[in-house]
Amino acid sequence: MPRYAMLLAPSANRVYADQASRMSQAELAAFGKVLSSELADIEVTEIGGVEYLTFTGSLSERDIAYLSNLSSAYALFERVDDDLLRPHLLTPLARYDSDLITIPKYAGKTNEQFTKLVLNLTLLASDSAGRMLDGHLTVLDPLCGRGTTLNQALMYGYDGIGVEIDGKDVEAYKLFLQTWLKRKRLKHTAELVPMRRQGRRAARRLEVTMAASKDDHKAGAVQKVTVLHADTTGLDGLIRGNIADVLVADLPYGVAHGSYDDGGGISRRPLDLLERAVPEWLPLLRRGGAIGLSWNTKVAKRELAEDILLACGLDLVEHLPLQHRVDQGIDRDVIVARKSG
């Protein structure tokens, strides 16, 4: 049985320090669902003084295409013997230039590799896992901030839907995306328009339509991003149901972001938000869809988050531990749950 060695991206090591390899093991194990053969003996091995993620399996060309999208993948080798490595070509989903992901820098931005990891885990837990490479999927981020998850969805060739309570973040995302599209000379349209519910203004909606090339635009192969400037706990009538294949969100860390509470103020307590928001989110998710959430365990215990998802009828999806330290005030974890088909 062939033995493989995955070299992890150096940037992952800077962000996650000594936790990068452990988190990559958990992500790699999740890809087993879509591979043609089972992976075994997943571990970290030092080769020539450098750490590699090593595993045993029999990989087809499509298997390698899947693994090319591992969030920290940098290079893949097959171990010919203890001294030789044979490289394999990685073909990650990358519909646009990588600066769509890397250019935005702002306080509170979730690391883009971590965002990709959570999106991958959620996709792989859903009924859409088999269409990850070739399906036109829709990703919903109901706490989208300035669009890191939405941009990753675009990179994969998917449509994106976001909800953000901070109007300045919505406007900043519009400005960035329009500027980026113009600089790349890509065909697109973008407008920010008011939305009404029962005759009253209820939200603003940013709608962007774009294509990766002129040929795609002519053929009608366009992607769409929609962002609502609205409260994520009050979406009834603003987004049609059964529209998203997966839902990915970074819950408030108790520092920034949030939703309106019953008194009209901003609540930054993640479990309060989760309890009020999940019933609003579930009708938007297709059957067999999955929810992937990250949050700060210092302000919200995992078992309480699990209880909320279970009470809403979701099935928890098991994965290897992913809790890791971000800084002194944040220990981050990931939970994935599935909407029954």
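List of remarks:
- Take each peptide in 206-213, 37-44, 112-119, count the other Cβ atoms within 10 Å of every residue, and average; sorted highest first, the result is 112-119, 206-213, 37-44.
- When restricted to Cα atoms, segment 99-338 yields an Rg and a Dmax of 17.2, 51 Å, respectively.
- Calculated over segment 145-212, the projected area of the Cα convex hull averaged across directions stands at 4.8 nm².
- Among 149-159, 172-182, 74-84, the order from most to least packed when residues are scored by Cβ within 10 Å on average: 149-159, 172-182, 74-84
- Considering only alpha-carbon pairs that sit under 8 angstrom and 6 or more positions apart, the relative contact order computed for the chain is 15 percent.
- Taking the DSSP bridge list for the chain and keeping only pairs wholly inside it, about 75 percent are antiparallel.
- Its Kirkwood hydrodynamic radius, worked out from the mean inverse distance over all distinct Cα pairs, puts segment 66-203 at 17.1 Å.
- Working note: Cα atoms of segment 1-121, range along each principal axis, descending, whole Å: 46, 30, 22.
- Nearest-20 debye value, segment 3-88 charge dipole, Cβ charges on Lys, Arg, Asp, Glu: 340
- Listed by chain and number, the aspartates and glutamates placed with their C-alpha closer than 14 angstrom to that of Lys116 are Glu27, Asp141, Asp250; residues fewer than eight positions away on the same chain are left out.
- Estimated 222 nm signal from helices in the chain, with DSSP H stretches of n ≥ 4 weighted -39500 (n - 2.57), rounded to 500: -8000 deg cm²/dmol
- Cα long-axis angle, helix 20-30 against the chain (0 to 90 degrees, to the nearest 10): 80
- Between helix 167-183 and the chain there is an angle of about 60 degrees, using the helix long axis and the longest principal axis of the Cα atoms.
- Tilt relative to the chain, helix 270-281 - C-alpha long axis, 0 to 90 degrees, to 10: 80
The numbers here are math on the coordinates, done by the rules we state, and not lab data. In this text, all values refer to a predicted model and were calculated from it rather than measured experimentally. Every residue, glycine as well, gets a Cβ built from its backbone with ideal geometry; the counts of neighbours run over all protein chains shown.
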